[in-house]
Amino acid sequence: METTQGDDLDLKIPPSVPETAFSGARSRVVLAAQVMLDRSRHSPGVIDGLMGGNTMRAIRHYRRARGLPAEESLDPQLMRSLINSQTGEIFETYTITRDDVDGPFFRVPSAMSAMAALERVGWTSPQELIADRFHMDEDLLRALNPKADFSRAGTRITVVAHGAETLPSQVARIEVRKSDNSVVAFDERGNALASYPATVGSTQFPSPSGSMEVVAVAPDANYTFDPSGREWGPDEKLIIPPGPNNPVGGIWVDLSKPGYGIHGSPDPQLIGKTASHGCVRLTNWDAKELADAVGQGTRVVFANRAGGAS
């Protein structure tokens with residue numbers, strides 16, 4: 001729950017951003033906290049200025065890492081800690097490039113059989129590409145830049161100044177916490193390097209239990225659907241080409257239990273809010289950050305709670 005003590009936080013909002021960008025439930029304070037949590041490598045998922053489950057989860061992980069009281073509120077103590085540890089502006093100006101607008105862009109169908117016929121399951125628009133690059137919700141990007149032409153190179157827009165996207169060291173162990181819908185990465189000394197909101201299986205399609213290892217990492221993966229033994233999906237084997245909008249977001253961390261992995265998602269706003277078919281789903285940017293810091297043999301533990309095996 002957001003507190004009123006943070007309402008006087010100076011965000012230095014650019015003059016181009018209209019007051020209506022923060023109408024309704026969207027909050028300046030929540031947005032600032034999300035950006036600073038993202039920089040601290042306790043991901044809130046999609047940065048949207050809205051207080052939801054993923055942001056509260058990131059607050060819990062940040063508080064635990066910093067030895068702060070276990071709460072979910074944006075109280076003055078938390079905000080001071082974030083501001084002191086994560087310096088820099090909340091917003092930055094970005095100039096849309098020719099590469100951003102030239103594509104190619106794709107009309108992505110919902111049916112997997114139609115996806116399989118595409119050359120690549122890529123971005124649908126420059127706006128989607130830019131929102132993903134800056135870890136932002138597309139609605140927030142539009143609200144900050146209501147008059148922007150995202151299809152024109154040279155357009156200057158306001159975006160958030162997100163985190164570095166690189167972990168400070170290699171990951172030695174990953175905990176997939178089912179009860180918390182989160183993934184936590186640790187270094188070899190047992191220090192938490194990062195936490196991410198995750199979609200972790202479902203009642204019908206539970207994630208595996210116990211400990212396994214990373215077998216391989218595919219940073220631009222296709223998606224193979226085999227109907228054998230499945231009670232969902234089409235009745236034919238399909239290979240869907242790579243791209244950020246394919247069912248695994250184009251990023252796949254293969255685990256030692258066949259058919260299971262940690263991967264990205266074409267719908268970052270749904271992470272932690274919907275069920276998966278047993279795998280572990282992250283936003284594309286969180287999946288990439290994690291994938292870049294693991295290797296063959298990295299231990300992955302599926303746990304019901306912090307530090308506990310399932």
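Quick notes on this structure:
- Residues (crowded, with 24+ Cβ neighbours inside 10 Å, within 22 Å of Met212 (Cα to Cα) and hydrophobic (A, V, I, L, M, F, W, C)) located in region 253-290: Val253, Ile262, Val280, Leu282, Ala287, Leu290
- Region 15-31, subset closer than 28 Å to Thr166 by Cα and hydrophobic (A, V, I, L, M, F, W, C), residue surrounded by the most Cβ atoms within 10 Å (Cβ to Cβ): Leu31
- Being closer than 25 Å to Ser27 by Cα and of a type in the set (Val, Ile, Thr) is not true of Thr124.
- Scanning region 155-166 for residues that are at pLDDT 95 or above and either hydrophobic (A, V, I, L, M, F, W, C) or more than 17 Å from Glu92 (Cβ to Cβ) (or both) yields Ile157, Val159, Val160.
- Of the residues screened, Ala65 is one that is part of a helix (DSSP H, G or I), outside the structural domain of Arg281 (by TED's automatic domain parsing), surrounded by fewer than 18 Cβ atoms within 10 Å (Cβ to Cβ) and not hydroxyl-bearing (Ser, Thr, Tyr).
- Residue within region 149-165 that is assigned to a helix (DSSP H, G or I) and crowded, with 17+ Cβ neighbours inside 10 Å present: no
- In region 11-47, of all residues being in contact with a strand residue (DSSP E or B) (Cβ under 9 Å, 6 or more places away or on another chain), assigned to a loop (DSSP other than H, G, I, E, B) and not small (Gly, Ala, Ser), the one that is farthest from Pro76 (Cα to Cα) corresponds to Val17.
- The single residue among Ser81, Ser110, Ser169 that is of a type in the set (S, T, N, Q) and closer than 24 Å to Ile271 by Cβ turns out to be Ser110.
- Which listed residue is modelled with pLDDT of 95 or more and either over 27 Å from Lys273 (Cα atoms) or in a loop (DSSP other than H, G, I, E, B) (or both), from Thr93, Thr87, Thr55: Thr93
- Within region 106-130, the set of residues being hydrophobic (A, V, I, L, M, F, W, C), surrounded by 16 or more Cβ atoms within 10 Å (Cβ to Cβ) and in contact with a Pro (Cβ under 9 Å, 6 or more places away or on another chain) comprises Val108, Met112, Met115, Ala116, Leu118, Val121, Trp123, Leu129.
- Figure legend. Inter-residue proximity from region 140-154: first residues free of Cβ contacts under 8 Å to residues at least 24 places away in the same chain, second residues assigned to a helix (DSSP H, G or I), beta-carbon distance below 6 Å, spacing 6+ or different chains. Indicated pairs: Leu141/Ala131.
- Selection status of Arg107, of a type in the set (D, E, K, R) and touching a residue at least 60 places away in the same chain (Cβ under 8 Å): no
- Output for region 90-101, where each listed residue is more than 18 Å from Ser151 (Cβ to Cβ) and more than 21 Å from the chain's Cα centre (by Cα): Thr93
- Qualifying positions in region 32-47 - out of contact with any Lys or Arg (no Cβ under 9 Å at 6 or more places or on another chain) and surrounded by fewer than 24 Cβ atoms within 10 Å (Cβ to Cβ): Ala32, Arg39
The values are calculated or read from the model by the stated rules, or taken from the named source; none is laboratory data. Note that this is a predicted model, so its numbers are computed, not measured. Neighbour counts run over all protein chains shown; Cβ positions are idealised from the backbone, glycine included.
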